[in-house]
1. State which residue is farthest from the other protein chains (Cβ to nearest Cβ) when the search covers only the stretch B:368-378 and only residues that are surrounded by 15 or more Cβ atoms within 10 Å (Cβ to Cβ) and either in contact with a Leu (Cβ under 8 Å, 6 or more places away or on another chain) or in a helix (DSSP H, G or I) (or both).
2. Taking B:LEU246 and the conditions (1) out of contact with any strand residue (DSSP E or B) (no Cβ under 6 Å at 6 or more places or on another chain); (2) of a type in the set (A, V, I, L, M, F, W, C); (3) within 16 Å of B:SER269 (Cα to Cα); (4) away from every other protein chain (no Cβ under 14 Å), which numbered condition does it fall short on, given that it satisfies the others?
3. Quick check, is B:GLN365 within 14 Å of chain A (Cβ to nearest Cβ), open to solvent by 10 Å² or more (accessible area, probe 1.4 Å) and not β-branched (Val, Ile, Thr)?
4. Is it the case that some residue within the stretch A:34-51 is aliphatic (A, V, I, L, M), more than 12 Å from chain B (Cβ to nearest Cβ) and part of a helix (DSSP H, G or I)?
5. Return the pairs, sorted by first residue and then second, in which the second residue is at pLDDT below 95, the first residue lies in the stretch B:702-729 and is basic (Lys, Arg), the beta carbons are less than 9 Å apart, and the residues are 6+ apart or on different chains.
6. Of the conditions (1) touching a residue at least 40 places away in the same chain (Cβ under 8 Å); (2) open to solvent by 10 Å² or more (accessible area, probe 1.4 Å), B:SER656 fails just one. Which one is it?
7. Filter the stretch B:499-517 for residues that are under 18 Å from B:ASN563 (Cα atoms) and open to solvent by less than 40 Å² (accessible area, probe 1.4 Å) and give the result.
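The values are calculated or read from the model by the stated rules, or taken from the named source; none is laboratory data. Note that this is a predicted model, so its numbers are computed, not measured. Neighbour counts are summed over all protein chains in view; Cβ atoms, including those assigned to glycine, are modelled from backbone coordinates with ideal geometry. Accessible surface is based on the protein model in full, side chains and every heavy atom, while ligands, DNA and RNA are left aside. Shrake-Rupley method; radii C 1.70, N 1.55, O 1.52, S 1.80 Å.
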Amino acid sequence: MAHLYLLSVFLSLLLSISPSLSSNSEGNALHALRSRLVDPTNALQSWDPALVNPCTWFHVVCDSNSHVTRLDLGNSNISGTLGPELGQLKHLKYLELYRNDIGGKIPKELGNLKNLVSMDMYGNKFEGEIPKSFAKLKSLIFLRLNNNKLSGSIPRELTTLKELKVFDVSNNDLCGTIPVDGPFSSFPMESFVNNRLNGPELKGLVPYDFGC
Amino acid sequence: MGSTQMCNLVLFLAILHSVLAVSLGEDKPAESYWLLRFKSGLVDPAGVLDNWSPRAHMCSWNGLTCSPDQTHVLGINLSSSELSGSISHELWHLTSLEILDLSSNSLTGSIPSELGKLQNLQMLLLYRNSLSGKIPEEIGLLKNLQVLRIGDNLLSGEITPSIGNLTQLRVLGLAYCQFNGSIPSGIGNLKHLVSLDLQNNSLDGHIPEEIHGCEELQNLAASNNKLEGDIPASMGMLRSLQILNLANNSLSGSIPVELGQISNLKYLSLLGNRLSGQIPSQLNQLVQLETLDLSVNNFSGAISLSNAQLKNLTTLVLSGNALTGNIPSNFCLSNSSKLQQLFLARNTLSGKFQLDLLNCRSLQQLDLSDNNFEGGLPSGLEKLEHLTDLQLNNNSFSGNLPSEIGNMSNLESLILFDNMITGRLPPEIGKLQRLSTIYLYDNQMSGGIPGELTNCTSLTKIDFFGNHFTGSIPETIGKLKNLNVLQLRQNELSGPIPPSLGYCKRLQIMALADNKISGTLPATFRFLTELNKITLYNNSFEGPLPASLFLLKNLNIINFSHNRFSGSISPLLGSNSLTALDLTNNSFSGPIPSALTQSRNLSRLRLAHNHLSGEIPSEFGALTKLNFFDLSFNNLTGEVPPQLSNCKKIQHFLLSNNQLAGTMPPWLGSLEELGELDFSFNKFHGNIPAELGNCSGLLKLSLHSNKLSGNIPQEIGNLTSLNVLTLQRNNLSGLIPSTIQECKKIFELRLSENFLTGSIPPELGKLTELQVILDLSENSLSGEIPSSLGNLIKLERLNVSLNHLQGEVPFSLTKLTSLHMLNLSNNDLQGQLPSTFSGFPLSSFLGNEKLCGPPLVSCLESAGQDNKGLSNTAVVGIIVAIVFTSTLICLVMLYMIVRIWYNWRKVSISSTGGGGAEQRREEEKWEYGEKEKRRNGEYWKVNSMALAPSQDKQNPSTCIFHFKMDAEITGNTLV
């Protein structure tokens, strides 16, 4: 009896390994994202993982090579958390998740989005630190993280982002000083208000994470 | 004689009573009377109780065993008799009853508590019925009961503690009911209990410590309950135990080492609990053990078990834990191992394939999937000659698939997907006559698919997705008569499809997409009558489809997109069960056949980017499941048939880039699911129907490049989900409706190239998510640019050019920090540009006569331009002067460079002894040093830190450095 039972378990396991008919890494990544999100208004209803690619899903935009370039989920009443799989959307340019109820940490894997131009995560409940890995986002021009619950200091690594034009972290719980190098020389003070920040960095005088 | 007559009369009355109801109050009716009462409560469709009649002696009745003197019933056996109804409360009158077996019927109702009076009862078998209610407490009065089996019923409630009084009990079967509460501790009183079966109930609480009292227990099964807490160490005292099954409970803690003392144990399953810690090595003492299943727990640490000690082990399942390290060496002893199944999947085991596993000569199934194993697959794999299933997927195995795999003649499934296996598929694979499943997907394999693979005639599933296989599909593939699934997507296969593929008549799924396969489809495909899904997208197929494909009646899903197929699409429409048809980007021509509508479940129809002509068939109105409807980029003419208004499920409605004409139908507003509507680049005329405002889920509305006229309807403001609105290049007139401010999620808005009038509504400033573009250019807009546009802080492009806008450029526009394209040109704007706009090119502002400030001419100049204009001759003079001066400077500099180079060459030649590479490096440093010197004074402080190391390195080459200095000094003096 026991043997029969085990064999049947094994057989059912074998059967469960279905052929990879729907394998598409970007679609899988987005579907994994969907499974982490709570979506009371069914904004993600069209996200069918059985399709060849996610390019016909609503809120997803692809380029001509069927790579995802935009994810538009701003103002969509979604909550839940993000996961590392978002980092697999290597061709993503616009990540628009603003004004939702998404919490948890910002996954460091988002630093892998080499082509990202704009990351709009403002108006959520993100907590934890701004990932240092964002320093790898060499194409990034717009980074809006305002109105969240982010803490820790502003990573100094971000001063290497040459293209960065807009940086807004206002209304968070950040501490330490504000960088002054690189693109940070031109950001207005409004981008930093309502934090526990101690004003601009004074190099050599005070450690940048003073007061953290 | 009178007395005998009297006797007869009494007997007659007794029988009469037994047939009619009892109301005469006789003290002791015969047992047959109670049996007939019992029968009267049963429904007997099979007639098993037909001979239970007063006319015959009860001892001749079916299913009864009588005492030798034929006066008492000792046993009732009515098992599997299709009986329903309930068990009589009066059975207790059968006082001599020893065996009552009513198992495997359909009895309902409860177990009568009166059964507790059957003091002679030894066996009570009521299992496999539909009895409900609780176990009566009185059951505990059955002092002689040895076997109690009442499982597989609908019984519920707690297990009565009185069960602990049944001290003669040998077998207790309570499985497959709905019992809850905990296992009564009195169970420990059952000294003679041999078998205890509690599986599949809802029992919770701890396993009672007292269970060790069941000294004779051989079989303990309590799987599929909610038992919690530790496994009591006292269970180690159950020395007779052979089977212990506690699977699928919520037991926690670690396995007590005492379990290693249950020396007779043959079967141990703890699968599906919350047990943790190391697996105790004491389990190795269980030399009788045949099956050990500890899967789906939280066990950690290394595998401490050894088949070398567990000599009788045939099945070991440790999958789904957090085990680390490798499989221990000497795990199996080659000559004695009986291990047939070894399942270690879903752990974090690592290291290379343990070669000692090859000593497990009896292995039939080996599952190491979902671990971190790495390195090559051993060439000695064929030593596992009994192996039928090899499952190594989701690891990091690398290297080639060893050719010796061809000697594993019993192999039925080879599952290697998601590894890093490289190299060719060895031709020896063709020797595997029993191979049924081969999954190699998500590896790095290359080379051709060997023709020998088609000798594996048992193959049912081939999945090579995501490798680098090249060459063509083997000519002989038609030999695989049992093939169901052929998945070759995402490889580098080329050449035409061999006609013999059409002889794989069992094929249900064919996926050849994402390759470089060319040629036409063979006519032999007509034999693939079981084909359900065929995906050929992203290849180089061409030519018309064979007409005989029309014979494929079972097709559900067809995706031929991105090829060069031509001709009619009719051959694909033989099936009336299509759910998805995607022919995007081919060269199909001719009309869209109305036969498509026979597939009433069609939900995705994508025919875009072809040469289809004619009208959209009005029959499409029957496709009520249609969800994705894309006919864009064809040559379709005519109007949108009104019947399409029946297709209420449409979410994507894409007709762009055709020759469609007529007006936009108002019924579009009744398509409640609509998310994307693209009618752009057609010849639609007339108004934009106000009804569109009902499509509240609309995300993208593209009507640009048509001949639409009239106003933009106010109802546009009802589209509160809208992301993209493109209405450019039409004949729209009137005002931009201020209701547009309700489209709060809009990020792209294009209204350019129309005849819109009036001023830009200040409400546009509320669309703060506008990002991609706000394009109002080439209209007749007038008035001032509203300062509220300064709120669009995410906006990247703003174009209001070619209008009649007046007034100053509002200073608030300087808040548009995201802007990288701005076009205010060709309006009537005036005054000074905000200074932050100096970074935009001149063309952003040209054509505004009265506008000034950088990048345009400064406002001072423009103010004085009228009276202080330079004459043409003065301009020419200035230009000549500038050209002359700059030429002179260039010449001087050229001379300097030549001098420097000359000196430098001299130095280089003088020190060639150092070797070429080194020399070049010195040159680089030199140049660096020069720059540094020039910058000296200006940027020194900024760059000093960065340059310090390179200065240090220059020390060995001071000689060259001095020469260089000299050269520069010379250069300087010459100037």
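1. By that ranking, first place goes to B:PRO378.
2. Going through (1) out of contact with any strand residue (DSSP E or B) (no Cβ under 6 Å at 6 or more places or on another chain); (2) of a type in the set (A, V, I, L, M, F, W, C); (3) within 16 Å of B:SER269 (Cα to Cα); (4) away from every other protein chain (no Cβ under 14 Å) one by one, B:LEU246 breaks only (4).
3. Working: within 14 Å of chain A (Cβ to nearest Cβ): yes; open to solvent by 10 Å² or more (accessible area, probe 1.4 Å): yes; not β-branched (Val, Ile, Thr): yes.
It is true that B:GLN365 is within 14 Å of chain A (Cβ to nearest Cβ), open to solvent by 10 Å² or more (accessible area, probe 1.4 Å) and not β-branched (Val, Ile, Thr).
4. Within the stretch A:34-51 (the criterion being aliphatic (A, V, I, L, M), more than 12 Å from chain B (Cβ to nearest Cβ) and part of a helix (DSSP H, G or I)), the answer is no, since none of the residues qualifies.
5. From residues that are basic (Lys, Arg), there are no pairs.
6. It is condition (2) that B:SER656 fails.
7. Taking the stretch B:499-517 and keeping what is under 18 Å from B:ASN563 (Cα atoms), we get B:510-517.
B:MET510, B:ALA511, B:LEU512, B:ALA513, B:ASP514, B:ASN515, B:ILE517 - these are the residues of the stretch B:499-517 that are under 18 Å from B:ASN563 (Cα atoms) and open to solvent by less than 40 Å² (accessible area, probe 1.4 Å).
This table checks each residue for (1) in a loop (DSSP other than H, G, I, E, B); (2) charged (D, E, K, R).
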{"residue": "B:GLU673", "(1), (2)": "yes, yes"}
{"residue": "B:SER680", "(1), (2)": "yes, no"}
{"residue": "B:ILE688", "(1), (2)": "yes, no"}
{"residue": "B:GLY697", "(1), (2)": "yes, no"}
{"residue": "B:SER705", "(1), (2)": "yes, no"}
{"residue": "B:SER709", "(1), (2)": "no, no"}
{"residue": "B:GLU715", "(1), (2)": "no, yes"}
